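Report on the structure given below.
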Amino acid sequence: MRQTVRFGRIFGVDVGANWSLLVLIFLVTNGLATVVLPELTPGHSTTGYWSAGAVCGLLIAGSLLLHELAHSVVARRAGVPVERITLWALGGVSVLGGEPASPRSAFWIAAAGPLTSIGLGMVAGGGALALSLFGAPQLVVSSALWLGTINVFLAVFNLLPGNPLDGGRILRAVLWRRSGDPDRAEAGAARAGQVLGVLLIALGFVQSFTGEFAGLWLVLVGLMIMTSAGAESQTARLRIALGTTRVADVMSAPRAIAYDATSVDRFLAEIVPGTPELVYPVVDLDGRAAGTVALHRLVRVPRSLAPSTRIAEIRTPLKDVPVAGPDDRVADLAVRMGARTLALVIDHDHRLLGVVDQQDLGRRLRLLAEHPAPRPETA
Ligand SMILES: [Zn+2]
């Protein structure tokens, strides 16, 4: 989910929102102002309903943020870096920069969000009770009660057992603890997510036919869960297939290398015709890996400029290229590569040791289908 605005850093975590968060805030405000609040507490002014609705809309966004921050804070404490939190139309997303080391940390990172939502629900519910005892206006009491209910609902919904919901992450932690294999546990939780997504879509359709607007929302959420769980299931299967195979066992020597100082013109004339590559590794003047250059970038340089354009000017810099050390797990590299053509294998000094392309990965996967790889050992 792309961040449209960045709010800043909270507890050291980059927090932002996608524009679609406004849709969520509007839907909540509109639903409360025109339907929920007039039903719960009749007799108030339109302005009153809309003001209370807007405050609740903002507080819901705040609740989602606290839910995500809880995941992030526990993750950081467990040594897992948190890249960012993004709020959007269907809730919040925390992007973690790594894997928890144990099923126990995985469990608490996942559980922290729903526990926070339940806590918020209880605070809002208790607040509603206190407000009504002290004779606060009924509109305020109803709004607080609604906020409490929604937070508890969010917790319960998120605890449904399937990825990418928190309940799926909890299921994965439990399976991981039982089997000792994080990848198979991930595959199980992802499969559960796919089933859950289908069930929610079916339920949403049934609801839509009975004229309930919430049905449409369920279909959307179900679709999102099904798609995301499908992708996670694919990743998990890749990890299972590649097992503990090291990058060094899969990499190959580059058939051709592009040098920073070479002109595009010369590279196209002398190297490209003799090689089938679509992407070439690039090495700088000191002999260190500097990135990659794709054939389509090379041919896009206008003829007249090709003699004076150096490879260095058009290459993809190393920071945007998947890289790995020879002892890293191929499974991790394969996930980082995704659909990208080429990864570079480098040593601590950034010297180019080899490359891994999709063909190397495909070949290894075919071999492993015959002779399965050893599984990682976990305590
Ligand atoms: Zn969560």
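The values are calculated or read from the model by the stated rules, or taken from the named source; none is laboratory data. What you see is a predicted model; the values in this text were computed from it and never measured. For neighbour counting, all protein chains shown are included, and Cβ atoms are generated from backbone atoms with ideal geometry for every residue, glycine included.
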Can you confirm whether residue 231 is of a type in the set (Gly, Ala, Ser), surrounded by fewer than 16 Cβ atoms within 10 Å (Cβ to Cβ) and in the same structural domain as residue 166 (by TED's automatic domain parsing)?
yes
Any chance the range 123-146 includes a residue that's closer than 27 Å to residue 197 by Cα and either assigned to a helix (DSSP H, G or I) or aromatic (Phe, Trp, Tyr) (or both)?
yes
Mind checking whether some residue in the range 177-192 is part of a helix (DSSP H, G or I), of a type in the set (D, E, K, R), assigned by TED's automatic domain parsing to the domain that holds residue 35 and within 14 Å of the ligand (Cβ to nearest atom)?
no
Top-ranked residue in the range 72-91 [being in contact (Cβ under 8 Å) with a residue 40 or more places away in the chain and in a loop (DSSP other than H, G, I, E, B); ranked as farthest from the ligand (Cβ to nearest atom)]:
89
With the range 198-304 as the region, which helices (runs of 4 or more DSSP H) entirely inside it contain at least 3 residues that are under 29 Å from residue 334 (Cα atoms)?
214-242, 295-300
Exception for residue 277 within (1) surrounded by 17 or more Cβ atoms within 10 Å (Cβ to Cβ); (2) more than 17 Å from residue 356 (Cα to Cα) falls at (2)
Looking at the range 153-181, I want the residues that are more than 15 Å from residue 101 (Cα to Cα) and aliphatic (A, V, I, L, M) and have a partner that is outside any helix (DSSP H, G or I) and more than 10 Å from the ligand (Cβ to nearest atom) with Cβ atoms under 6 Å, at least 6 apart or on another chain. Which pairs are those?
171/161
So is residue 99 within 12 Å of the ligand (Cβ to nearest atom), acidic (Asp, Glu) and either surrounded by fewer than 18 Cβ atoms within 10 Å (Cβ to Cβ) or closer than 30 Å to residue 239 by Cα (or both) or not?
no
Subset of the range 92-117, residues outside any helix (DSSP H, G or I), of a type outside the set (S, T, N, Q) and in contact (Cβ under 8 Å) with a residue 40 or more places away in the chain, comes to 93, 99
